[in-house]
1. For the chain, take every pair of Cα atoms, bin their distances at 20 Å starting from 0, and report each bin as a whole percent.
2. In segment 4-40, which residues have a backbone nitrogen under 18 Å from the label point lying 7 Å from residue 59's Cα in the Cα-to-Cβ direction?
3. Restricting attention to the alpha-carbon atoms of segment 270-328, what are Rg (one decimal) and Dmax (integer), both in Å?
4. Quick one: work out the % antiparallel among DSSP beta bridges in the chain, nearest 5.
5. Would you kindly state how much longer the chain becomes between residue 119 and residue 141 on full extension, computed as 0.36 nm times their sequence separation minus their alpha carbon distance, in nm to one decimal?
6. Only helical DSSP H runs with n ≥ 4 go in: add -39500 (n - 2.57) per run for the chain, normalise by residue count and round the 222 nm mean residue ellipticity to 500 deg cm²/dmol.
7. Report the extension gain between residue 108 and residue 49 in nm, rounded to one decimal, defined as 0.36 nm multiplied by the number of residues separating them, less their alpha carbon distance.
8. Given 20 °C and 1.002 mPa s, how large is the Stokes-Einstein diffusion coefficient of segment 234-287 in µm²/s, with Rh as the Kirkwood radius over Cα pairs?
Ligand code: ADE
Ligand code: ZN
């Protein structure tokens with residue numbers, strides 16, 4: 001058996017970002033939207049840099065217009081997850097794209113997504129949970145609306161709040177109100193930091209938003225005191241090496257700090273972020289990591305135990321996933 005066949009936990013997957021290009025082209029055809037500018041000659045998503053990636057991402061997302069569209073998307077994504085041996089996944093879902101931040105509309109989208117997820121749990125064996133996602137470059141006011149959607153639907157399925165978007169805009173602390181609201185509603189917290197922002201952005205995330213996990217966080221490696229802090233407080237990083245390589249943070253997996261962070265005692269996990277955008281899958285991530293660092297079964301099992309511990313689900317779900325993880 002190869003490491004790529006191991007059961008996997010994925011903590012960082014954007015629902016819209018996981019939409020296969022064929023799926024988006026199909027919807028664009030049905031809705032008569034011209035999206036030809038966002039694809040390359042091979043039919044994949046085309047972008048030149050991080051900000052352009054976010055623009056292409058939002059253009060693709062513009063054809064996801066109804067709860068039914070999101071239900072179909074959820075099904076398509078969970079089929080991919082299951083094919084990659086993923087048994088548990090946490091998906092970032094933005095109320096901005098699901099009803100424009102209106103709570104009543106959000107409930108309808110969420111209901112459709114959850115229904116598709118429940119069906120996939122039964123027939124594909126993959127468990128999904130949702131993390132409500134404010135988009136940073138949409139600003140703090142829209143983030144508050146997303147946090148209200150999160151607070152109103154917090155429970156055993158919506159388990160967290162996690163900000164994405166352009167880390168170059170403003171400061172983490174600008175979004176403290178939204179994160180405070182989510183924390184008070186009992187939600188777990190994460191935010192993208194230390195991806196296109198440096199170590200200071202990660203310091204801000206743990207100081208000003210008091211997050212339990214960090215999306216990416218890899219640029220913490222540039223500040224030894226921060227690495228020590230993350231290790232001491234056991235703050236888990238949702239690392240997505242393939243995403244970082246395609247977006248130009250590191251030239252290849254060998255140069256990625258995943259191994260150095262792990263060796264320094266920081267809890268690290270591995271996810272795909274937006275798999276079709278980065279031409280990756282969970283199997284490919286494991287394969288590339290195994291090739292780059294010589295990691296073997298036990299390294300990946302430990303990685304999954306770290307992810308299980310940091311998962312935002314309730315304890316009953318954690319116990320259930322733990323049993324599946326241990327099944328030979
Ligand atoms: N939204 C989707 N993918 C993202 C990424 N890698 N960074 C920030 N926001 C995102
Ligand atoms: Zn992300």
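1. 34, 62, 4
2. 16-40
3. Looking at segment 270-328, its Cα Rg and Dmax stand at 13.1, 36 Å.
4. On the way: 1 of 32 bridges.
Looking only at bridges with both residues in the chain, the antiparallel portion is about 5 percent.
5. Numbers: separation 22, 0.36 × 22 = 7.92 nm, distance 3.46 nm.
Answer, rounded to one decimal: 4.5 nm.
6. Values: 13 runs with 150 residues, N = 328.
Computed mean residue ellipticity for the chain: -14000 deg cm²/dmol.
7. Numbers: separation 59, 0.36 × 59 = 21.24 nm, distance 3.41 nm.
Stretched out fully, the residue 108 to residue 49 stretch lengthens by 17.8 nm.
8. Details: Rh = 11.4 Å.
Taking Rh from Cα pairs, D becomes 189 µm²/s.
Just so you know, all these numbers are worked out from the coordinates, no wet-lab data involved. The model shown is predicted, which means the values in this text are computed figures rather than measured ones. Heads up, the Cβs are rebuilt from the backbone with ideal geometry, glycines too, and the neighbour counts pull from every protein chain shown.
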